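Novice: Got a structure for you, written out below as structure tokens; questions coming shortly.
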Amino acid sequence: MRTRRAAIAAALAVSLLVVAACGDDAGDGSGSGNGSGGGPMKIDALVALSGPLAVVGGAMQQGMDAAVQVVNDNGGVLGQPLKINYIDNAGSADQSAAKLQELLSGGKPHAVIPGVASEIPAGIPILAQAGIFTSQHFTSATFNDPKKYPLEFGNAHTIPDYVGSLVSKAKESGYKSVGILDIDDASGQAFEAVAGPAFKAADIAVTFARVPPDSIDATPQLQQVLAPNPAALIFAGYSPAAGAMAKARAKLAVTLPTIAAQTYSANNLADLAPANTYDGILFQQLATSVKGTPQTESAAFKKFYDAVLAKSGGKLPFPINTYLVAYHDVILAAAAANLAGSLDAKKMAKALEGAKPADMPLYVSPVTFSADNHFPTFGPGDFVFTKYGPVEKGLSVPSAG
């Protein structure tokens, strides 16, 4: 913890020096991103290309590559080809802070994507202090605070979005109590902070247990949430430990109704556990991950899907949302610059706050940004519940739940 705090403090100090040197404008044309001073737009993306999240980072890189291709096929940014620079952070908060320190010491970037998973929160405050336009997909609504983070925009559904859907499903099913397994990381903590009060407000008792992200056995944690005899289970979290949860359920021959939250459903489940361990689990999924929904039939989705299939050679081991959120990180930053007619971070943010869906034809998620909301807003129609089924080229084949 001390090492992480020291790294973040060092990066913050450097970023403040950069701000002081650059003033309030978006740069003078020097350094990594060249600020607003001419030249093609370049996005700096921190990605886990090594370490335990490398397989996730590789998939998200394909999504970003697809976005660059689509943007450039549709006129680029301000009439010039968009460029992207990948920086390996190994999926580590400490390394993210150190890499940002190095990046900011070289000048003021046009836009930064601060990571792929739980390391994202380490970068957002640093980039906010440095006055950098930031496009990211961490699901915590904590960062949807335009007053505190005026240059930061999210591209994923937030935790309240999918928690609301989970609570509605549990209440509709008549459950009075649930046991929840989630991941012991920043995402899991943020999830519990929202889910606990939400289930309580619905008069549903809840017991939580956290599974370490690299765990291969979640049996102790599952036994912990089973102890109060809940009416149902919920599995949540984006981590290889998702497989350990399913295996523990099968090992203990648990027959309780089980719901997998969207974050769990988004894992490369087929690679984490045998298919039969998912029997009896109802999977909450984004409609953009399920074949045949109106969302996946849209023109914007088809453009994205064709591009990511080309970049991946048609091999998509993860559900499509893994690629889509990374794609959106790039699409949104490019759209902001085009709408603003500028690479100035403040102008880019202002332009997005007034954007309409017609202004962002390459963006698949809802365009609902405003001065008070920097995240897309997902409603009940953006989630579906299905049984476990085959994933064909990233898309789940629907099965009635």
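Novice: Among the candidates Leu222, Leu269, single out the residue that is buried (at least 18 other Cβ atoms within 10 Å of the Cβ) and without any contact (Cβ under 8 Å) to a residue 60 or more places away in the chain.
Specialist: Working: Leu269 fails: without any contact (Cβ under 8 Å) to a residue 60 or more places away in the chain.
Checking each option against the conditions leaves just Leu222.
Novice: Please go through (1) over 28 Å from Glu353 (Cα atoms); (2) touching a Ser or Thr at 6+ places or on another chain (Cβ under 9 Å); (3) assigned to a helix (DSSP H, G or I); (4) modelled with pLDDT of 95 or more for Ala128 and return the number of the only condition it doesn't satisfy.
Specialist: (1)
The rows are residues; the columns are (1) out of contact with any helix residue (DSSP H, G or I) (no Cβ under 6 Å at 6 or more places or on another chain); (2) in a helix (DSSP H, G or I).
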site: Met348; (1), (2): no, yes
site: Ala351; (1), (2): no, yes
site: Val364; (1), (2): no, no
site: Thr368; (1), (2): yes, no
site: Gly381; (1), (2): yes, yes
site: Val384; (1), (2): no, no
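Novice: Out of Ser365, Ser342, Ser370, which single residue is among the hydroxyl-bearing types (Ser, Thr, Tyr) and either in contact with a Phe, Trp or Tyr (Cβ under 6 Å, 6 or more places away or on another chain) or closer than 24 Å to Ala117 by Cβ (or both)?
Specialist: Details: Ser342 fails: either in contact with a Phe, Trp or Tyr (Cβ under 6 Å, 6 or more places away or on another chain) or closer than 24 Å to Ala117 by Cβ (or both); Ser370 fails: either in contact with a Phe, Trp or Tyr (Cβ under 6 Å, 6 or more places away or on another chain) or closer than 24 Å to Ala117 by Cβ (or both).
The conditions single out Ser365.
Novice: Inspect the stretch 7-20 for any residue being among the β-branched types (Val, Ile, Thr), touching a Gly at 6+ places or on another chain (Cβ under 7 Å), at pLDDT below 95 and part of a helix (DSSP H, G or I) and give the result as yes or no. Give the steps one after another, and end with the answer.
Specialist: Our first condition is that a residue be among the β-branched types (Val, Ile, Thr); within the stretch 7-20, this holds for 8, 14, 18-19.
Remaining after also requiring touching a Gly at 6+ places or on another chain (Cβ under 7 Å): 19.
The next check asks that each one be at pLDDT below 95; those that pass are 19.
Pick out the ones that are also part of a helix (DSSP H, G or I) and you get 19.
Yes; the residues of the stretch 7-20 include at least one that is among the β-branched types (Val, Ile, Thr), touching a Gly at 6+ places or on another chain (Cβ under 7 Å), at pLDDT below 95 and part of a helix (DSSP H, G or I).
Novice: Right, here's the next one. Of everything in the stretch 343-401, what is hydroxyl-bearing (Ser, Thr, Tyr), open to solvent by 30 Å² or more (accessible area, probe 1.4 Å) and out of contact with any strand residue (DSSP E or B) (no Cβ under 8 Å at 6 or more places or on another chain)? Give them in sequence order.
Specialist: Step one: list which residues in the stretch 343-401 are hydroxyl-bearing (Ser, Thr, Tyr), which gives 363, 365, 368, 370, 377, 386, 388, 396, 399.
Retained after the next criterion (residues that are open to solvent by 30 Å² or more (accessible area, probe 1.4 Å)): 368, 370, 377, 388, 399.
Thr368, Ser370, Thr377 - these are the residues of the stretch 343-401 that are hydroxyl-bearing (Ser, Thr, Tyr), open to solvent by 30 Å² or more (accessible area, probe 1.4 Å) and out of contact with any strand residue (DSSP E or B) (no Cβ under 8 Å at 6 or more places or on another chain).
Novice: Restricting the search to the stretch 92-146, which residues are in contact (Cβ under 8 Å) with a residue 40 or more places away in the chain, of a type in the set (S, T, N, Q), open to solvent by less than 10 Å² (accessible area, probe 1.4 Å) and under 25 Å from Lys347 (Cβ atoms)?
Specialist: Selection gives Ser135, Gln136.
Novice: Kindly indicate whether Val56 is in contact (Cβ under 8 Å) with a residue 60 or more places away in the chain, buried (at least 16 other Cβ atoms within 10 Å of the Cβ) and either over 27 Å from Asp185 (Cα atoms) or over 21 Å from the mean Cα position of the chain (by Cα) (or both).
Specialist: In short, no.
Novice: Among the numbered criteria (1) in contact with an Asp or Glu (Cβ under 9 Å, 6 or more places away or on another chain); (2) buried (at least 24 other Cβ atoms within 10 Å of the Cβ), which single criterion is violated by Leu332?
Specialist: Leu332 satisfies all of (1) in contact with an Asp or Glu (Cβ under 9 Å, 6 or more places away or on another chain); (2) buried (at least 24 other Cβ atoms within 10 Å of the Cβ) except (1).
Novice: Could I ask something else about it? For residues that are at positive phi and surrounded by fewer than 24 Cβ atoms within 10 Å (Cβ to Cβ), tally how many sit in the stretch 72-91. First the steps, then the outcome.
Specialist: Step one: of the stretch 72-91, the residues at positive phi are 75-76, 78-79, 90-91.
Now restrict to residues that are surrounded by fewer than 24 Cβ atoms within 10 Å (Cβ to Cβ): 75-76, 78-79, 90.
Residues flagged as at positive phi and surrounded by fewer than 24 Cβ atoms within 10 Å (Cβ to Cβ) within the stretch 72-91 amount to 5.
Novice: Open to solvent by less than 20 Å² (accessible area, probe 1.4 Å), of a type outside the set (Asp, Glu) and touching a residue at least 12 places away in the same chain (Cβ under 8 Å): is that true of Phe199 in this structure?
Specialist: On the way: open to solvent by less than 20 Å² (accessible area, probe 1.4 Å): yes; of a type outside the set (Asp, Glu): yes; touching a residue at least 12 places away in the same chain (Cβ under 8 Å): yes.
So Phe199 passes the test.
Novice: Looking at (1) open to solvent by 10 Å² or more (accessible area, probe 1.4 Å); (2) in contact (Cβ under 8 Å) with a residue 12 or more places away in the chain, which one does Glu297 not meet, given that it meets all the others?
Specialist: It fails just one condition, (2).
Novice: Answer yes if at least one residue in the stretch 296-312 is over 26 Å from Gly51 (Cβ atoms), at pLDDT below 95, part of a helix (DSSP H, G or I) and not basic (Lys, Arg), and no otherwise.
Specialist: no
Novice: Another question, if that's okay. Just checking, how many residues over the stretch 137-160 are at pLDDT below 95, outside any loop (DSSP other than H, G, I, E, B) and among the hydrophobic types (A, V, I, L, M, F, W, C)?
Specialist: 3
Novice: Let me ask something else. Name the single residue, out of those in the stretch 161-177 being touching a residue at least 60 places away in the same chain (Cβ under 8 Å) and outside any helix (DSSP H, G or I), that is nearest to Asn229 (Cα to Cα).
Specialist: Filtering the stretch 161-177 for residues that are touching a residue at least 60 places away in the same chain (Cβ under 8 Å) and outside any helix (DSSP H, G or I), the one nearest to Asn229 (Cα to Cα) comes out as Tyr175.
The values are calculated or read from the model by the stated rules, or taken from the named source; none is laboratory data. Model, not experiment: these values are computed from the prediction. Using ideal geometry, Cβ is built from the backbone for each residue, glycine included, and neighbour counts are taken over all protein chains shown. In case anyone asks, the SASA skips ligands and DNA or RNA and just uses the protein heavy atoms, side chains included. Shrake-Rupley method; radii C 1.70, N 1.55, O 1.52, S 1.80 Å.
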